[in-house]
Amino acid sequence: MQDTFGRTIDYLRISVTEACNFRCIYCAPNGHATPQESPLSVDDIERIVRAAVALGISKIRLTGGEPLLRRDIVSIVRAISSVDGVQDLALTTNGFLLGRLARDLADVGLKRVNISLDTLRRDRFVDIVGVDAFDAVWAGIHAADEAGFAPLKINVVAMRGINDDEFSDFARLTIDHPWHVRFIELMPVGASDVAREFFDRHFISASELIARLPELAKSDSPKGSGPARTYRLPNAQATIGFITPASEHFCNACNRLRVTARGALCACLFGERGEDMRGALCEGVSENKLQELLARAIDSKPEHHPFGEDFKITSVDAMSKIGG
Ligand code: SAM
């Protein structure tokens, strides 16, 4: 289905929980709120996916909070992968529980994972995510690799003064492993002075990063790379991508719709929360009605996110609430 600006919407990101076991400094600069009590059920999620596929959505990504905290995550993946028309099913995770779950998730149809990792230094890891869990995440990345998820991507939020001395170490990972590394520009989260100060102090643009890695050559993108600008080091097994939501927004190519863990449909990461899918599901709506709600959300997609020129304005107070 196309939106009013002619963009084809074929990608749905579903946040399956607001709960997270990490406390990343950039995710909720104003503090992490208590998560909602009852997120969407497996059945709710499957019904939303069926309705979305009928409108032309073919790619699904599960996110959170931390999606692997859901005790029924394997059932969620199994239910989605059983829907005819789902061509790509991926998940974004902090990797902590992947060592335990990677094989089971692959067995029920998960195709790909993106793992968030902002430092390769054990001591620094705890300062960034609030939990001393580098070894568990590193084991999770290996487990994902062994389970056959491909392309396997590592997402690094680039932050001046926090991890900007590690960019070449991350880049070198692509020589030693078939893991694609993607640097994500810090996005403004939270409308407080503290949040703005954090953003101003730590934002670093993709152009500056690229300039610091002079050996990079332009490259084709691996599957599911969406808006990333992609490069490669000589002799690398995998690529290095840069995602530039702040310095160079890619809204003209946006193909996404989001559902929060509370069941609100969002047409834009930084836009207003939209239709209440959860309420509709509780009232036992028909699939036609679900399709109507999704179509209305697609029609309401703004041309671009609201932090264009002054990208310090944001309506998101915690990325864990919407799923990043
Ligand atoms: N818990 C999972 C994880 O850690 O990947 C999924 C949820 S997390 C909110 C999804 C993605 O959003 C992660 O890659 C995270 O690094 C990114 N993210 C969160 N806050 C961000 C911010 N302020 N700027 C840029 N990326 C952010």
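The values are calculated or read from the model by the stated rules, or taken from the named source; none is laboratory data. Model, not experiment: these values are computed from the prediction. Here the Cβ is made from the backbone with ideal geometry for all residues, glycine too, and neighbour counts use every protein chain on show. These accessible areas exclude ligands, DNA and RNA; they are computed on the full protein's heavy atoms, side chains included. Shrake-Rupley method; radii C 1.70, N 1.55, O 1.52, S 1.80 Å.
Given a 1.4 Å probe, how much area per residue of the stretch 1-82 is accessible, in Å²?
Numbers: 3180 Å² over 82 residues.
Value returned for the stretch 1-82: 39 Å² of accessible area per residue.
What part of the accessible area of the chain, given as a whole %, is carbon or sulfur when the probe is 1.4 angstrom? Mind showing how you got there, number by number?
Working: 6400 of 13470 Å².
It is 48 percent, rounded to a whole number.
Between Thr8 and Asp127, how many nm apart are label points set 7 Å from Cα along the C-beta direction?
Each label point is offset 7 Å from its Cα along the Cβ direction, giving 4.6 nm.
Across the chain, how many lysine pairs, 8 or more apart or on two chains, come within less than 15 Å at their alpha-carbon atoms?
Numbers: Lys59/Lys111; Lys59/Lys223; Lys111/Lys153; Lys111/Lys223; Lys153/Lys223.
For the chain, qualifying lysine pairs total 5.
How far apart, in nanometres, would the label points at Asp165 and Asn21 be if each is projected 7 angstrom from Cα along the Cα-to-Cβ direction?
Each label point lies 7 Å from its Cα, and together they span 3.0 nm.
Grab the eigenvalues of the alpha-carbon gyration tensor for the chain, scale each by 5, take roots, and send me the semi-axes largest first in whole angstrom. Walk me through the numbers before you get to the answer.
Working: eigenvalues 171, 100, 79 Å².
Semi-axes (√(5λ), whole Å): 29, 22, 20.
Have a look at the DSSP beta bridges in the chain and tell me what percent are antiparallel, nearest 5.
Values: 9 of 40 bridges.
In the chain, approximately 20 percent of DSSP beta bridges are antiparallel ones.
What accessible area per residue comes out for the stretch 181-324, rounded to a whole number of Å², with a 1.4 Å probe?
Ligands and nucleic acids excluded, the result is 46 Å² per residue.
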